[in-house]
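Let me begin by presenting the structure, written as structure tokens, before commenting on it.
The values are calculated or read from the model by the stated rules, or taken from the named source; none is laboratory data. Please read these numbers as outputs of a predicted model, since none were measured by experiment. Positions of Cβ are generated from backbone atoms using ideal geometry, with glycine treated the same way; all protein chains shown enter the neighbour counts.
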Amino acid sequence: MSPGPYPQAPPRPPPMMHGPLYSPPLQTDSKAIISLVLGLLGMFCCTGIITGIPAIIVGVMSQRDISRSGGTLGGGGLAISGIIMGSLTSLGTIAYIALNVAMFSAIGKGASPSGPPPYVPPTAYVAPLSAGAIHTVELSRGAGGLEAQLVGEIAQGAAAGETTVLYIYSKGATACSEFDAALPDAELQRVLSKVRLVRAEATEFSADLSSLGLSRPSYPWFWRVAQKPKSGGGVALWVGDGISADEWDDNEAANIAPVLERFVNGTYPNKSPARPLPGPPPKMAPKPPHKTGSDL
């Protein structure tokens, strides 16, 4: 008996072909492109942190997605470029803001910035309210009329044994500033030691000076003032003779002192063209003694 046919062997698989495998092209991440564009805007359009900070944020997000894509996403270089440019523009903007804040803070504390100092307009001259031992009083328009304030100052001066002299000055007048500068002199201190020098600014009291007949085209002017009784009772202002700085040569203490001494004592000839020599201040009638029950 002859053997039967042998089973056939299974077919062999076709041989494998060795060669390069096909790989699809990498896709550029859109966030990397956006980060690059934002960084370029910050660098060349001076948008600063407005586009710089978003460029950093979007670039970092793009780097994260590219690393997680397993090689399917590209554009890592674009994202890095966007992050670098965004960082530079953001730091530049922050430094600029800090510099300006520091400069304005220094100006607020009184430090002067570099460069010439700012122009400050000159202020009007205002004389001091006191000069050594001389008793000076500055009147203010806000405290009332000139006459009412003078009557009150005269009463206080009389109680202190002082002769009241009204000194009318003008802000910015050279002669007024020179007179005030001479007041600390020892001779003027002696002459005016028993004088209450009541100061009134000419512009501030212009209406009052006009009504009293004391308005003048230039200043300083000095007037002897006192109280006088009213017919219906009470007291009113008495204005005596007056002199101006024209009565002496230069506004120096050696020239001023002898003239003011005679003027205060009432022995200087009156030179006021608008007022006659009024004579000595009127005497105030003494008050009657107060009667008590035992005097009746």
>> Please go through (1) of a type outside the set (S, T, N, Q); (2) under 16 Å from Ala148 (Cα atoms); (3) at pLDDT below 90 for Gly240 and return the number of the only condition it doesn't satisfy.
In response: (2)
>> Among the residues in the range 18-29, are any buried (at least 18 other Cβ atoms within 10 Å of the Cβ) and either in a helix (DSSP H, G or I) or at pLDDT 85 or above (or both)?
In response: yes
> How do the pairs read when you match residues in the range 225-241 that are in the same structural domain as Leu146 (by TED's automatic domain parsing) with residues anywhere that are at pLDDT below 90 and basic (Lys, Arg), using Cβ under 6 Å and keeping only pairs 6 or more apart or on different chains?
Replying inline: Ala236/Lys228; Ala236/Lys230; Trp238/Lys228
>> Can you find a residue that is crowded, with 20+ Cβ neighbours inside 10 Å, aliphatic (A, V, I, L, M) and touching a Lys or Arg at 6+ places or on another chain (Cβ under 7 Å) anywhere in the range 30-38?
In response: no
> Which number in (1) in contact (Cβ under 8 Å) with a residue 12 or more places away in the chain; (2) within 31 Å of the chain's Cα centre (by Cα) marks the one condition that Asp208 misses?
Replying inline: (2)
> Which of the residues spanning the range 153-180 are in a helix (DSSP H, G or I) and either in contact (Cβ under 8 Å) with a residue 12 or more places away in the chain or surrounded by 15 or more Cβ atoms within 10 Å (Cβ to Cβ) (or both)?
Replying inline: Glu153, Ile154, Ala155, Gln156, Gly157, Ala158, Ala175, Cys176, Ser177, Glu178, Phe179, Asp180
>> Let me confirm something: among Ser114, Ser105, which residue is outside any helix (DSSP H, G or I), farther than 29 Å from Val37 by Cβ and at pLDDT 55 or above?
In response: Ser114
> Taking the range 34-57 as the region of interest, how many residues are out of contact with any Gly (no Cβ under 7 Å at 6 or more places or on another chain), assigned to a helix (DSSP H, G or I) and over 12 Å from Ile84 (Cβ atoms)?
Replying inline: 8
> Counting only residues that are over 40 Å from the mean Cα position of the chain (by Cα) and of a type in the set (Lys, Arg), which one in the range 214-263 is surrounded by the fewest Cβ atoms within 10 Å (Cβ to Cβ)?
Replying inline: Lys230
> What strands (runs of 3 or more DSSP E), lying completely within the range 193-258, carry at least 2 residues that are touching a Lys or Arg at 6+ places or on another chain (Cβ under 8 Å) and closer than 21 Å to Glu178 by Cα?
Replying inline: 235-244
